[in-house]
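A.B. asks: Please read through the structure below; I'll follow up with questions.
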Amino acid sequence: MRRRIFGAASTTVVLGLLIPLAACGGSGDGTGGEGTLHLIAAEYGDSPATSSKAFWDKVTGDFTAAHPGIKVEVKLLPWADIDREVSRMVKAGKAPDMALMGAYSDFAAQDKLYSADELLSVSAEANFLQPLAEAGTVGNTLYGLPFVASSRLLFYNETLFKQAGVSAPPKTWSDLKSAAGKLKDKGVKFPYALPLGPEEAHAEALIWELSNGGGYADSSGNYSLASDQNIYTWRWVKDQLVAPGLTGPTPPSQLNRADAFAAFLKGEVGMVNGYPSLLHEARAKGIGVGAVTMPVSDTLGSGETPPTVGVADWMMAFRQNGNRSEIGKFLEFLYQDKNLSDFANRYHLLPSTVTASRPQSGGGLDKNDQQFLTALYGAQLYPVNDPSWVTVSDTIKRNVGRAVEPNGDAKGVLEEIAAKANQASKNH
């Protein structure tokens, strides 16, 4: 497999850190126009009021004011469409100059992208947070420029915990099961929300597998989707959480992330894995939320500290239109601390650079986001620098939930996923 691993194991495609919004703004397919760059970007807002359009209007306006000969047009697409649409444009010979989305390595493998050292100054390239830079690297070359990121922590409703007599957040799987049982006894609808529906099951799956010493790849960087640790993980989850009714009325294979988060904001969920924006939204609604690292399996013991899950979205620049110099100028401007911090703070995400992540007066991270940054430094990202990951992640999303269904066989399901992953890897 063609990917470089950071830490002991592989470092999303994350198909959207936020809820998708219908497309808005920007131009069509055309990539012509003298002095005009075209950027296709994912929409991060979940309503017209929170649309990314306001950010892009300002940053492109400021850039053109500083560089009068270069205009940047931005087209926003929903997360559900952007990967497919950019792939279609590239295949049709109409690549945009830049794209901000969830996947980059397939284009890098086709030699369609400029490398970071062709676009950015040495200081700008060196400023990316290390885990993100490594995930954006194919071979020894950085092609995927990390833009914003996040990490996942276990959230718990402090009021529901108190009402159920749970005195401390769980540190082990046994603790989590015990807390979930007490929450269920108090009538909590979803003691532990387990979103293994097709929206983002690969995130929840990796969180659980890492907490038992497993994961998606072994120390050599090869897929290890049907490892003994992973099989044990899903057998435990099925027998100890799902079967006793501790995951709520919706079958996990049918519960999507958005639905789990919505239930959490209604006060119907005791525990759920989430990222910063959910924490901020819950606290804004007056919900007391605690956030801790994912409990570890009892077989690992409290002395083990598995990595958390990290996710990132990627800026890439296409060679096709030959606008390397102009693209480089825009990206240098875009990645200035004030711009990156502005975007990250709008959506309670983490900026991708060292300097923009530092607490500082008038900028930097919200104090509530610092723990997510700390978690990100030791996080494991999806193997986005493997071109087969788009196919592999889709296979995981659509199948892993079957491992915890009443008649599900964890070993059989994981071996089926592994077989498809190996075939996808061979095809790339």
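A.B. asks: Please work out which residue is farthest from the chain's Cα centre (by Cα), limiting yourself to segment 248-273 and to residues that are under 14 Å from VAL400 (Cβ atoms) and not basic (Lys, Arg).
C.D. replies: Residues of segment 248-273 that are under 14 Å from VAL400 (Cβ atoms), as a first pass: 251-257.
Okay, now just the ones that are also not basic (Lys, Arg), so 251-256.
Working: PRO251: 23, PRO252: 20, SER253: 20, GLN254: 20, LEU255: 18, ASN256: 15 Å.
Per the criteria, the residue is PRO251.
A.B. asks: Can you tell me which residue among ALA164, ALA217, ALA203, ALA179 is among the hydrophobic types (A, V, I, L, M, F, W, C), open to solvent by less than 20 Å² (accessible area, probe 1.4 Å) and over 22 Å from LEU300 (Cβ atoms)? So that I can check it myself, show each step before the final result.
C.D. replies: Details: ALA217 fails: over 22 Å from LEU300 (Cβ atoms); ALA203 fails: over 22 Å from LEU300 (Cβ atoms); ALA179 fails: over 22 Å from LEU300 (Cβ atoms).
Answer to the selection: ALA164.
A.B. asks: I'm trying to understand the selection: among the residues of segment 385-400, which are modelled with pLDDT of 85 or more, of a type in the set (A, V, I, L, M, F, W, C) and closer than 16 Å to GLU199 by Cβ?
C.D. replies: ILE396, VAL400, listed by residue number.
A.B. asks: May I ask you to verify whether LEU77 is buried (at least 17 other Cβ atoms within 10 Å of the Cβ) and modelled with pLDDT under 90?
C.D. replies: Values: buried (at least 17 other Cβ atoms within 10 Å of the Cβ): yes; modelled with pLDDT under 90: no.
Answer is no for this residue.
A.B. asks: Further question: If we keep just the residues of segment 318-375 that are surrounded by fewer than 16 Cβ atoms within 10 Å (Cβ to Cβ) and among the small types (Gly, Ala, Ser), which is modelled with the lowest pLDDT?
C.D. replies: Among those that are surrounded by fewer than 16 Cβ atoms within 10 Å (Cβ to Cβ) and among the small types (Gly, Ala, Ser), it is SER361.
A.B. asks: Give the residue that is modelled with the lowest pLDDT, with candidates limited to residues of segment 131-141 that are aliphatic (A, V, I, L, M) and surrounded by fewer than 24 Cβ atoms within 10 Å (Cβ to Cβ).
C.D. replies: Going residue by residue through segment 131-141, those that are aliphatic (A, V, I, L, M) are 132-133, 135, 138.
Then drop every residue that is not surrounded by fewer than 24 Cβ atoms within 10 Å (Cβ to Cβ), which leaves 133, 138.
On the way: ALA133: 94, VAL138: 91.
Filtering segment 131-141 for residues that are aliphatic (A, V, I, L, M) and surrounded by fewer than 24 Cβ atoms within 10 Å (Cβ to Cβ), the one modelled with the lowest pLDDT comes out as VAL138.
A.B. asks: Would you confirm whether any residue within segment 85-101 is within 24 Å of GLY139 (Cβ to Cβ) and open to solvent by 60 Å² or more (accessible area, probe 1.4 Å)?
C.D. replies: Checking segment 85-101: at least one residue is within 24 Å of GLY139 (Cβ to Cβ) and open to solvent by 60 Å² or more (accessible area, probe 1.4 Å).
A.B. asks: Please state which one of THR233, THR250, THR293 is open to solvent by 10 Å² or more (accessible area, probe 1.4 Å) and either at pLDDT 95 or above or not hydroxyl-bearing (Ser, Thr, Tyr) (or both). Outline the logic, then answer.
C.D. replies: Numbers: THR233 fails: open to solvent by 10 Å² or more (accessible area, probe 1.4 Å); THR293 fails: either at pLDDT 95 or above or not hydroxyl-bearing (Ser, Thr, Tyr) (or both).
From the options THR233, THR250, THR293, the qualifying one is THR250.
A.B. asks: Right, something else. Return only the number of the condition from (1) out of contact with any Leu (no Cβ under 8 Å at 6 or more places or on another chain); (2) farther than 16 Å from MET316 by Cα; (3) open to solvent by less than 60 Å² (accessible area, probe 1.4 Å); (4) at pLDDT 95 or above that LEU113 does not satisfy.
C.D. replies: Checking LEU113 against (1) out of contact with any Leu (no Cβ under 8 Å at 6 or more places or on another chain); (2) farther than 16 Å from MET316 by Cα; (3) open to solvent by less than 60 Å² (accessible area, probe 1.4 Å); (4) at pLDDT 95 or above, the one that fails is (2).
A.B. asks: Considering each of PRO387, PRO383 in turn, give the residue that is part of a loop (DSSP other than H, G, I, E, B) and touching a His at 6+ places or on another chain (Cβ under 6 Å). Step through it out loud before you land on a result.
C.D. replies: Working: PRO383 fails: touching a His at 6+ places or on another chain (Cβ under 6 Å).
Every option except PRO387 fails the conditions.
A.B. asks: If LEU241 satisfies every condition in (1) over 26 Å from PHE372 (Cα atoms); (2) open to solvent by 10 Å² or more (accessible area, probe 1.4 Å); (3) not aromatic (Phe, Trp, Tyr) but one, which is the exception?
C.D. replies: All conditions pass for LEU241, except number (2).
A.B. asks: For segment 282-301, enumerate the residues that are of a type in the set (Ser, Thr, Tyr) and under 20 Å from LEU194 (Cα atoms). Explain how you work it out, then say what you get.
C.D. replies: Taking segment 282-301 as the starting set, the residues that turn out to be of a type in the set (Ser, Thr, Tyr) are 293, 297, 299.
Across segment 282-301, the qualifying residues are THR293, SER297.
A.B. asks: Can you name the number of the only condition in (1) in contact with a Ser or Thr (Cβ under 9 Å, 6 or more places away or on another chain); (2) of a type in the set (Phe, Trp, Tyr); (3) modelled with pLDDT under 95 that PHE128 fails?
C.D. replies: All conditions are met except number (3).
A.B. asks: Here's something else I'd like to know. Residues LYS238, LYS266: which one is closer than 25 Å to THR159 by Cβ and of a type outside the set (A, V, I, L, M, F, W, C)?
C.D. replies: Sole residue among the options that is closer than 25 Å to THR159 by Cβ and of a type outside the set (A, V, I, L, M, F, W, C): LYS266.
A.B. asks: Return the pair list, or none, for Cβ contacts closer than 9 Å from residues in segment 394-406 that are closer than 17 Å to ILE207 by Cβ to residues that are among the aromatic types (Phe, Trp, Tyr) and assigned to a helix (DSSP H, G or I), at least 6 apart or on different chains.
C.D. replies: That search, which allows pairs on different chains as well, returns VAL400/TRP234; ALA403/TRP234; VAL404/TRP234.
A.B. asks: Contact list please: Cβ distance under 6 Å, first residue in segment 242-262 and outside any helix (DSSP H, G or I), second residue at pLDDT below 95, pairs at least six apart or on different chains.
C.D. replies: So the pair list comes out as LEU255/GLY197; ASN256/GLY197; ASN256/GLU199.
A.B. asks: Still on this structure: Six or more apart or on different chains, Cβ atoms under 7 Å: show the pairs whose first residue is in segment 294-315 and of a type in the set (Phe, Trp, Tyr) and whose second is open to solvent by 50 Å² or more (accessible area, probe 1.4 Å).
C.D. replies: Between residues of segment 294-315 that are of a type in the set (Phe, Trp, Tyr) and residues that are open to solvent by 50 Å² or more (accessible area, probe 1.4 Å), there is no close pair.
A.B. asks: Sticking with this one: Scan segment 48-78 residue by residue and report those that are within 20 Å of the chain's Cα centre (by Cα) and over 17 Å from ASN339 (Cα atoms). Break it down stepwise before answering.
C.D. replies: Step one: list which residues in segment 48-78 are within 20 Å of the chain's Cα centre (by Cα), which gives 50-52, 76-78.
Across segment 48-78, the qualifying residues are LEU76, LEU77, PRO78.
A.B. asks: Sticking with this one: So GLU304 fits all but one of (1) surrounded by 20 or more Cβ atoms within 10 Å (Cβ to Cβ); (2) out of contact with any His (no Cβ under 7 Å at 6 or more places or on another chain); what number is the exception?
C.D. replies: Condition not satisfied by GLU304: (1).
A.B. asks: Within the bounds of segment 43-55, is there any residue that is more than 26 Å from PRO387 (Cβ to Cβ), touching an Asp or Glu at 6+ places or on another chain (Cβ under 9 Å), at pLDDT 95 or above and open to solvent by 50 Å² or more (accessible area, probe 1.4 Å)?
C.D. replies: Yes, segment 43-55 contains at least one residue that is more than 26 Å from PRO387 (Cβ to Cβ), touching an Asp or Glu at 6+ places or on another chain (Cβ under 9 Å), at pLDDT 95 or above and open to solvent by 50 Å² or more (accessible area, probe 1.4 Å).
The values are calculated or read from the model by the stated rules, or taken from the named source; none is laboratory data. This is a predicted model, so every value here is computed, not measured. When we count neighbours, we look across all protein chains shown, and the Cβ atoms used for this are built from the backbone with ideal geometry, even at glycine. Remember, those area values only see protein heavy atoms, side chains included, never the ligands or the DNA or RNA. Shrake-Rupley method; radii C 1.70, N 1.55, O 1.52, S 1.80 Å.
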